[in-house]
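The values are calculated or read from the model by the stated rules, or taken from the named source; none is laboratory data. As the structure is a prediction and not an experimental result, all values here were calculated from the model. SASA here: full protein model, heavy atoms, side chains in, ligands and nucleic acids out. Shrake-Rupley method; radii C 1.70, N 1.55, O 1.52, S 1.80 Å.
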Amino acid sequence: MSDHIDKTDKIIFAEVARGLAAVRGRPALVAQGCCHYCEELVPSALSFCGVECRDDYDKELAAKARAGRPG
Ligand SMILES: [Zn+2]
């Protein structure tokens, strides 16, 4: 049961992340079956294994933007 709830939670998180990306005016990441930050395997609908990696990835993007290197 708790496993099902956890999975639903992650799907909701993915939807929220997509919404935030849209609000911020940049395209949502294409889910590739593994975390975009640490490359841990995740369900295919997700881009990150958790909020920590999402946040770290965001910080890294912001740092790169500040350094003038897009992407
Ligand atoms: Zn990760």
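For the range 2-66, which whole-number percentage of the solvent-accessible area (1.4 Å probe, protein heavy atoms only) is attributable to carbon and sulfur atoms? Display every interim value, and only then the final one.
Working: 2610 of 4560 Å².
Carbon and sulfur together cover 57 percent of it.
Please list, short to long, the whole-number percent of alpha-carbon pairs of the range 2-66 in consecutive 5 angstrom bins beginning at zero.
4, 18, 25, 29, 15, 5, 2, 1, 0
Quick query: amide H of Cys34 versus all other amide H atoms, modeled in the peptide plane; which residues come in under 5 Å with a sequence gap of 5 or more or a different chain?
Counting only residues 5 or more places away or on other chains, the set is Val42.
Accessible area per residue of the range 2-66 at 1.4 Å probe, in Å²? Mind dumping the intermediate values first?
Numbers: 4560 Å² over 65 residues.
With all protein chains present, the range 2-66 gives 70 Å² per residue.
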